[in-house]
Each structure stands twice: as structure tokens, then as C-alpha cells.
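Here's the structure, in C-alpha cells; my notes come after.
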Amino acid sequence: MSRYFLWAAQQGIILSGCSYLPAKLDVERVPIKPIFYGITPEPAVELRFSAGKPLYLLSAEVPLWLAQLLLSMAKPRFQQAAVGCWQRLYFQARVSYLRRRMQSQLLNWEYIRPPAPRVLRSADMHAGDWECCAAMPTPELTSAVLEALKARRLLESELETALARLGAVYDGQLRVLLHHLVLHHILQRESAIALNSYGRLHCRRCGSDRIHWAWCAKCGSHCPFCGDCRNMGVARGCSALYSLTPQMQAHTARHVQAVPKMNLPFALSSAQAAASEQIVSAMRQGAKEITIWAACGAGKTEVVYAAMREVVGRGKRVLLLTPRRDVTAELYARLQGVFGADYVVGLYGAAESNYQASPIMVATTHQAIRLDGAFGLVVLDECDAYPYRTEKMLQNAVGRLARQGGCFIQMTATPSPLLRRHSSRLVYIPARHHGHPLPVPNVLQDTGLRLWRTPEMTQSLPPCPESVIEALIRSRREKAQLLIFVPRRLLVAPLVEALRQVGVERVAGVHSGSENRDEIRTAFKEGQLEAVVATTIFERGLTFPQVNVAVLLAETRQIFDNAALVQMAGRVGRTTTRPQGSVWFTCVQPSQAMRQAIEDIVTLNEMAARAGLLASGYVDVAPGKLKPGEQRGIGDVQA
Amino acid sequence: MSKRSSVDPSMSGSRWQRLSGWVWGLLRDAGELVLPQTCVCRLCRRPLPAPPLPFACYVNDLYACLCRECIHSLAWVQPPLCPQCGRPWRHGGLCRFCLRRRHVLQGCSPLVYTGAAQELVRELKFRAVCELGRPLGYIIGAMVRSAMPDWEPQAIIPVPLHADRLAARGYNQAELLSQGVSHFLKKPLLHQALLRTRHTQPQSALSVTERVKNVHAAFHVPHPAVVANKRLLLVDDVHTTGATVHAAASALWHAGATTVRFATLAVAANTADLSER
Ligand SMILES: [Zn+2]
Ligand SMILES: [Zn+2]
Ligand SMILES: [Zn+2]
Ligand SMILES: [Zn+2]
């Protein structure tokens, strides 16, 4: 098979009858003059486009991913220097392995055996079996496709629904119409699953190489599909990804007439204003990557408004991403208030259906795999939050957008060690707006918690842990409510039961599966409940005015890591009415993550004190004494 | 021509990038043999604890797809059940759907269609989570063994999709399940024995009587000799009113099958029927 394709490459004609023309190969590098090269799904359309030149049909239809494989096998002939000797050997080994695998699964392999080359001429167009080329895309369809693909990259099925929502009508197959647009260099198309240079199948959409094989009714053969991004529609070896060509993308991005007005509901605190200034000046100097390390509740989103305004003023798009859907909804509402509804669009859950390429886009990180095109600024809020932290697919997708040019800002309350070391610029916001320091957690060691590691295994309900009772008593003394975080969902109901047994009546439990989640949240906010037992779903984005926090079994690995612990401690003391409070980490044995979390909180407090950002009663550290590693912080801006 | 539109973006990096990509691929190949892959729970997306052997060795094990907590939170059917269709029914005797029918069809399902089970069916149906098919099929197979101890099917038939729907979705979720069932019961799976010839609307949006009308005569047996004089087990994902399985079963009866029973992954039930637990 490869010999056959190499022969074709030498002849200067690879072509056609197969299902895919990825993009035209680089003409200058090809030593021989070809007529057309590549693989096409629609020979008739190609033929019409070739202005009467004959077209060589070399094979029957093959699946898209395989067509791309064939093309990449022929490619070394075009680009002799593309891969080194050892890499080529490895590549060939991988390909032969894949081919053997295909052979065992695919019964009708023979269709890849070369048939006699056929020449297709313009005269054949009237033969009757090329009816499809009668359909040309109408101007309405073209503009609808342009509208749907602005700043996006979609699978064929997704594009179909997007067009249906825009009310586009077309007769004939969509694929043929889109192929016209590809030949006109309006669209570009790539196989969703393709082989990379070291012979591994990977998903072009999310970058994952966890490819599964299954029988596919779409193409009627065994077909690879991506196992990581299938929540967002299945990317198969036989499906194509459509996006606008870079030129068209740049053309559609020129949209902004005026710099948006900004009306902030309140003035920035001194810490925020300093950070905002730092970011804008870094962007003007051409910084590619900025990390903002802010205390929980310090208001990090407000800090990037000025930078966003500047980028929109330059006529580029801004993308604001967060991993959580409820946070996205809240941010969307807030940005609409600041910049006006015309400038902002929110892409999350149900609101995703009214897609519109606005200058400012607010989206969940899951939506990032559908977005494309150069954003002038990509802001990632809560970059340590679940599921972004654990899912490689989301990191790949956001990384792809960040690399397409422009500036990438990550905002977090707990930067990972990697981020701390590698980020070229680290901007701190160490203090909250009310000027009180962050509450430092107390560690309560309690051997009775051993029973609470697996309460479902024990026969009877374990007694309520001493440390929780202590936290409750102290909270009662402070006239505060208690929010108890538990590591696992199965602990919620037993702990609520145990609390009722020790006489706490107004108590409720909440986890990701509970239906009355919102009611419990409002009841707790209004002070009708004394205590709430929650899993990590209450970890972020919520503000309860009168709350203390206790973390049960804070040493639990994988769930309560450094980031989660800092976030949970950050629920306390967020409002001006009660700027202080208590946090307890209860554990059998303190873990490294707990120590790290406490250390992080203390570090930020010290930094705030040094920069003079705390209210008058707290300034006890002499300003101006900076350690060498911290010289990029707020401290030297103010000095 | 820009970098993005060239055939393979990974080919067009610097020499160092290409080399590191190649080394990484090689290490991944070697690593797959030695180190166990990491897997996340399909429902809550938390990482699963690594089993002693690589995850690929546990194709039939639900614990390789879901975490312990999510498996705990699945609602299993518990008596009192309708003796015919296996639906939770607190009043005893036939349930209200079976009482209405002239021909009762016997069947069983291991799960109640709520909460986590609903999410599980959604994963299987719309998100191409093919690896769930085998373990869930095993659960259905085990339920068939225990609910119908004195009856053994001779062949398994998945409830088919219409060809257009199949082409749009790419796979049939009932077929994924029935692969597991046939593997567990060690009975052959008949793919093409039953076809859906009519385009039907999705059942979920319709009322009880509309559902029956919707699927009436929608099924066709192309080769009656294949199913004639056989005991057959129909497999589907969700059992709500039973209209779909009844229409499929009547097509099989007309083709000469001796007995037809059904097994589904989940069964819809009133919350009142579940609250006794
Ligand atoms: Zn993917
Ligand atoms: Zn396919
Ligand atoms: Zn789970
Ligand atoms: Zn019944």
C-alpha cells in the first residue's frame, strides 16, 4: 500500500476518491509539479474547481483517519528532511502495528488495495453519478457558516446544530457544501483523530492520545474515537473538524469600534489597584504569561478589568475561563454589569446555545475545546480548581488557546509548586479589601476520627468526634455558624445523624447529589441552620457572612490537598460585618498538605503586613525587609 | 502557508520539540507495559485507586469504571416487585402497566432509573462510553440468572435503532449492553435478526398511549427462520412503559419465536414505590 502511494507521489498526483483533503501540501517543497495533491471527499467538487484539468482517482473511499495516515506516509517524499532515521524507523513500526491491528478487526481490508488508477474528466460530470456537485453554497449559508465558526472549531455534527439554530437552510449534503468553502480557503478542515509524527493516534480536538477503538456505524468499520472529550460530542476517526482559515479568522475579529466604558460598582482596594497597574504594564511590555496569587476573598477578578479593556480597545477578543459552571454564571453577570451586555457573552451549560462571538467571552474550561482563533488575552480563574486541575484534556485545550498568541493570565489562591517556579511573572494580592488578615487554621488532633474513615464498614454509628464538638462549642460562644467539610459523600449522612444525637437540631447535609442543595445554601446564609455538613462542593465561590469552618479528616489525600484546604479556610471572614473567624483542621495525624496550606496563609498575611495593606491594628512587621525571592511582589511597588 | 494548516502540526516544531515528542512516545509505549494507567470514575471524575494489574485487564469489572461511592449510590431494585416486568410496585401483584396489557411480557432490570443510574444511562447513550457496556451487561446477565432461574434464553437480541439514528450516533447502546449479557450467559448475540424499519420519535417526550402508537409495527424480522422456535432475550437500556419492548417482542412472536423475555439496565418507578426502604 505504501509503495503504491509513493508511486503516486513520484508521479505528482496523489489523489482522490478517498475521503479527505487535509490541507494542500506545501507546493514549493514538492520537486515535481502536481495537478492536485491530497485526498478529497468530493471528487466532483474538486473537478469543477480544477477548471477542466483531469483528476486522477486512485482509490475507493477510505475512512478519514486512515486517509490522513496514508497522506502522512506519502509525506516523507515531499519533505525529505522532516524526520530523522531512528524516528522514521519507529514511525514505521508504529504504523505496521496499527495496520496489523486494523487488519484483525476489519474484514474488508481489500478496499485499500489499489484499484487501477482512473482519470476523471469534466465530461464525467454529466454522467449522472455526480449530482451532488450541482449544489453550491448560497451566500446565506456561507455567512451562516462564518457566523457559526467565528472564534470556534467544531465537529461536523456540532456545526450542523449550530447552523440549524442560526436558521440556515441548505439543500444537498452539508459535507459537499462545506467542501466548496474549503476549496475557496474560507474553511479549513482536519481529521478529528490523526496520527502524529511519532506514529501515535491522537485527538486533534483535545490533544489526548487515549484513543479507543469500536465498531462505528457512521463509517461502517472499526473506527478510533477519543476517550477524553466524548462528553462534548464524540470525536471519531471519520469525523472532521472545521474552523475558519487564519486569514478569515483575523478578518472576522476586526469588530470593535470603541473602547468599552467601565463602570465599577466600587473602587478597587489599594492592593487591587497596585496589582492591576502591574498587570497592565507587564502586558504593555509584551509579557506572555502572568500568574496572580491572591488571598481568598481579595477580589482577583476586578484586577484584570483594566487589562481586558485595553485588549478589547486594540480590537482583539478576550476569553475568561473558569472550571466551575456556577462561578462562570456569576462572573458573566458581573462582567455584564461592568462592560455592558453588548460586549459580553457567556458560554456555559444552557446559555451556550446562544453563541455569539463577542469581544469578551466568559466560558467554562470545557468550552475551551470548541473555541479557536487568536484571543488577545486568555484569563483562567481558579486554575487550581477541580476538574481543571486533574483533567489533562482541559489543560491541553486551555494551553492550546493560550499558545495561539496573546497574553495568558492565571489566577489562583494556591499556585502549584510548578506554577510558582515557572511563571515568569507572579503578581500578589495578599490582603482582603477590609484589611484584616486571613484566619490561620488551628490543627486539632483527635484519635477518635479513626472510626470516621470508613463509617459504612462499621455496624453502628460512630460517636460524634470530640474535635467537632469542640469546634461547635467555640462557634456557639462566638455566635457563629459552623460549616463542616467532609472528604467523602458517604460521610455526610452519618455525621448529620451523629450531630443530631449530641443535640444539634438545626443541621443539614449537602453533597453533589442532593436535590435541595440551593435551599440549604440559602437557609444557611440566612442563619436558619446552626451547622451544615458538606463535601467539597461548598469549597469555592460561596460567601456565608457568619461562618466558622471545620475540616473533618483534613489529612485525607487526593481530596483535601493544599489548594482545597486553603480554599475552605478562605470561606471564613470574607465580609466587613465579620472580618474574622476560626478555622479548624481536625485530623488523626497532620499531613504535609495541611502544613503547606497553613504556611501559605501565614506567608500571605506576612506579605500584607509588610506592604502595609492591613488595618492599623495589625501592622506589626517592619516594612522594607524583603527576602530575595519575594521582590516581585506588591512590596516593591509600594516602596 | 501558516503552521496550523500544514498536514501535521507536530511535524513542524523545532528539531528539539520533535525529538522530545518522539522520546516521550517511546516512553509511553514502554510504560504502558509496566505501569498501570490512571483512570477516573465515569460519574464523579475522581481518580480510581490503581488495581494490581493494568486497567485493561478488568474489562468486565464495574469497579474499573466507577468509584466505590458511585457504585454504592446506584439504586438497586428491591422487592416488592411486579412479578411480570420486575418494576418496584408496593401494592403487590401486577403493576399498572402490566394490568393494561393483553399479552404480558416477563422481564427484569437490576437498577431503578433515578440519580446515578440515570446518569449512567446517559453516559452510555450519548457519550459513547463503550467500556461501560461489558460490566453493565454482566450485571444484567446476573439479574437474568437470579430472576428467571428456570428459564434460559437461546439467543440475545438487542433492541435495534433505526438505521439513520444509528448512523448519526455511531453505535447502539442496547447492543453494547447485550454484548456483556451474551458474554455472561454464554449465549449467541443476534445482531441483525431484528430491524427497526420506521422512524420513531424519541419516546421520552410522549405520553403512555402515544408511546404505544409511536412504536407500533416499527420492528421487522428480515429472516424469520433465524428466530423461529427459539427462546429469546431482548436487551434494552431503559424500561419505562414497556411500549418499545412489547412492539419488538410482537415482531419476534409473529416470526415464530417460542418465548420472548426482556432484560433492561434500568426501570422507571414511582418514588412512592421506592420510599419503603
Ligand atoms: Zn479528544
Ligand atoms: Zn467511523
Ligand atoms: Zn465516582
Ligand atoms: Zn409490571
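Answer rounded, prolate or oblate for segment A:378-506, using the Cα gyration tensor with square roots of eigenvalues a ≥ b ≥ c: rounded when a/c is under 1.5, else prolate when a/b is larger than b/c, else oblate.
It comes out prolate by the Cα gyration axes.
Using a loss threshold of 20 Å², tell me which positions in segment A:198-220 are less accessible in the complex than in their chain alone. Probe radius 1.4 Å, ligands and nucleic acids ignored.
Those are A:Tyr198, A:Arg200, A:Arg204, A:Asp209, A:Arg210, A:Trp215, A:Ala217, A:Lys218, which lose 20 Å² or more relative to the chain on its own.
Round to the nearest 10 and report in Å² the accessible area of B:Arg45, as given by a 1.4 Å probe over the protein chains' heavy atoms.
40 Å²
Averaged over B:121-130, how many beta carbons belonging to a partner chain fall within 10 Å of each residue's beta carbon?
What the average comes to for B:121-130 is 4.
Just the number, please: carbon plus sulfur as a percent of the accessible area of segment B:75-273, 1.4 Å probe, no ligands or DNA/RNA counted.
Taking all protein chains in place, segment B:75-273 shows 54 percent carbon and sulfur surface.
Only helical DSSP H runs with n ≥ 4 go in: add -39500 (n - 2.57) per run for chain B, normalise by residue count and round the 222 nm mean residue ellipticity to 500 deg cm²/dmol.
-11000 deg cm²/dmol
How far apart, in nanometres, would the label points at A:Thr454 and A:Ala164 be if each is projected 7 angstrom from Cα along the Cα-to-Cβ direction?
For A:Thr454 paired with A:Ala164, the spin-label model returns 4.9 nm.
Tally Lys/Arg at +1 and Asp/Glu at -1 over every other residue whose Cβ is under 12 Å from the Cβ of A:Leu377; what's the total?
+3
Calculated FRET efficiency, A:Thr390 and B:Gln192, Cβ-Cβ r, R0 45 Å, to nearest 0.05?
For A:Thr390 and B:Gln192, the calculated efficiency is 0.60.
Count charges around B:Leu190 for me, please; just the other residues with Cβ under 13 Å from its Cβ, Lys/Arg as +1, Asp/Glu as -1.
+2
I need the Kirkwood Rh of segment B:217-271: take the reciprocal of the average 1/r across all distinct C-alpha pairs and report it in angstrom.
This gives a value of 11.8 Å.
With the cut-off at 1.5 for a/c, could you classify segment A:464-588 from its C-alpha gyration tensor as rounded, prolate or oblate?
Here segment A:464-588 falls in the rounded category.
Measure nothing fancy, just the Cα-based angle from helix B:133-147's long axis to the longest principal axis of chain B, in degrees from 0 to 90, nearest 10.
30 degrees
Could you give the nm distance between label points at A:Gln445 and A:Glu289, where each point is 7 Å from its Cα heading toward the beta carbon?
4.0 nm
I want the local charge near A:Thr543. Using Cβ-Cβ distances under 9 Å, sum +1 for each Lys or Arg and -1 for each Asp or Glu among the other residues.
Once positives and negatives cancel, what remains is +3.
For A:Ser416, A:Ser358, give me the order by solvent-accessible area with a 1.4 Å probe, most accessible first, ignoring ligands, DNA and RNA.
A:Ser416, A:Ser358
Considering only C-alpha atoms, what is the centroid distance from segment A:313-362 to segment A:523-562, in Å?
28 Å
Once you put a point 7 Å from the Cα of B:His103 and another 7 Å from the Cα of A:Glu599, both along the Cβ direction, what distance in nm separates them?
Each label point lies 7 Å from its Cα, and together they span 7.3 nm.
Mind checking the angle between helix B:115-126 and chain B's longest principal axis? C-alpha axes, 0 to 90 degrees, to the nearest 10.
70 degrees
Summing both sides, how much accessible area is buried between A and B? Use a 1.4 Å probe and give Å² to the nearest 100.
4000 Å²
Relative to the first principal axis of the alpha-carbon coordinates of chain B, what is the inclination of helix B:243-254, with its axis defined by its Cα atoms, in degrees from 0 to 90 and to the nearest 10?
Between the helix axis and the principal axis of chain B, the angle is about 70 degrees.
From the P(r) of segment B:75-273, could you give the percentage of C-alpha pairs in the tail past 28 Å?
So the portion of pairs separated by more than 28 Å is 18 percent.
The values are calculated or read from the model by the stated rules, or taken from the named source; none is laboratory data. Keep in mind it's a predicted model, so treat the numbers as computed, not measured. Glycine gets a Cβ as well: all are built from the backbone with ideal geometry, and neighbour counts include every protein chain shown. Accessible surface is based on the protein model in full, side chains and every heavy atom, while ligands, DNA and RNA are left aside. Shrake-Rupley method; radii C 1.70, N 1.55, O 1.52, S 1.80 Å.
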